[in-house]
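Report on one structure; see the data block that follows.
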């Protein structure tokens, strides 16, 4: 009898339906936007691959490479790199960083989306750190950033003003908290080389404005600041956590007075466009009047040799003020 029961039990086990497996929903999509820099993209994707090998606790996540109108040879290399690392590849024929980021946003199917620059390399525990941090964020939190540690390709020159180091996309603050609550410096907020968003919230504010962000040689910025302000206006919080860390290559070509002055000019242009969109033309015009007065007072500095580091702070102030006036005029004409 025992043998019969054992045989019946074994037969039942063979014919019973398999147990239902509940798949863990994917948490994160990582978007890497790139333009004609496959040598940087290779390092970026290798660092992301190291996260997969090091830690499975973060659950399922995926990578999207958005090729922002790279020339044919670089585009072909980007495609090979994406395939080798199991990343989805999106090819954009129209250049523009915001356009590329929005393409990644449209393609994402996860509750959270992260952006890193192609010349950034994430820490080995970056994905698991994001997973741990978002699990404890309050429901109103919609954006998250972390340290961006410089990897200098040449020494930072001694004339470079300390307060303008963030212009190189460098951020290093050691405490976690909510951005804007008064406990962190004003410059501490998510930057493009290392930022994470609640996907639905980012979509709700329209993603990144296409008229801002790098477009070819134009060092436009401000798209990230616009998104942060739009999220706050929608009732969301922005957070920072030092465990979510990347290193960012600082190219030697950027460590010149000419590059810094150009960067400050386009920062002024960008801030004016953001001001018009979020504060209205009247308030933006009031600031433009002040910027115009600053520019007129510093106009003789325009004759200074562009690659001279002398009086660099004053010349940067002139460049920013001039850019703001230029940006306001362009924004009003649109």
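By the equivalent-ellipsoid construction on the alpha carbon gyration tensor, the stretch 88-180 comes out with semi-axes of 26, 22, 13 Å, ordered largest to smallest.
Taking the average, over residues, of other Cβ atoms within 10 Å as the packing measure, peptides 83-95, 266-278 rank 266-278, 83-95 from highest down. When you restrict to C-alpha pairs under 8 Å that are six or more residues apart and normalise by the size of the chain, the relative contact order lands at 18 percent. Hydrodynamic analysis of the chain uses the Kirkwood radius over alpha carbon pairs. Inserted into Stokes-Einstein at 20 °C and 1.002 mPa s, it gives a translational diffusion coefficient of 98 µm²/s.
Once the chain from residue 154 to residue 232 is taken as fully extended at 0.36 nm per residue, the excess over their C-alpha distance is 24.3 nm. Label-to-label distance, residue 172 versus residue 286, with points set 7 angstrom from Cα along the beta-carbon direction: 3.9 nm.
Its relative contact order, with pairs defined as Cα atoms under 8 Å and 6+ residues apart, puts the stretch 65-188 at 17 percent. Only helices enter this figure: runs of n ≥ 4 DSSP H residues, each worth -39500 (n - 2.57), summed and divided by the residues of the chain, yield -14000 deg cm²/dmol at 222 nm to the nearest 500. In this simple spin-label approximation, residue 80 and residue 243 carry label points 7 Å from Cα along the Cα→Cβ vector, and these lie 3.9 nm apart. Here the label points at residue 73 and residue 311, each 7 Å from Cα along the C-beta direction, are separated by 4.3 nm in the simple model. For the stretch 28-252, the antiparallel share of DSSP beta bridges with both residues in that region comes to about 35%. Note on residue 299 and residue 258: the extension gain reaches 13.1 nm, defined as 0.36 nm multiplied by sequence separation minus the Cα-Cα distance. For the stretch 162-255, what is Rg from Cα atoms divided by 2.2 N^0.38 Å, rounded to two decimals? With N residues counted in the stretch 162-255, Rg over 2.2 N^0.38 Å equals 1.13.
Coordinate-derived values only; no laboratory data. What you see is a predicted model; the values in this text were computed from it and never measured. In this analysis, Cβ positions are derived from the backbone assuming ideal geometry, glycine residues included, and neighbour counts consider all displayed protein chains.
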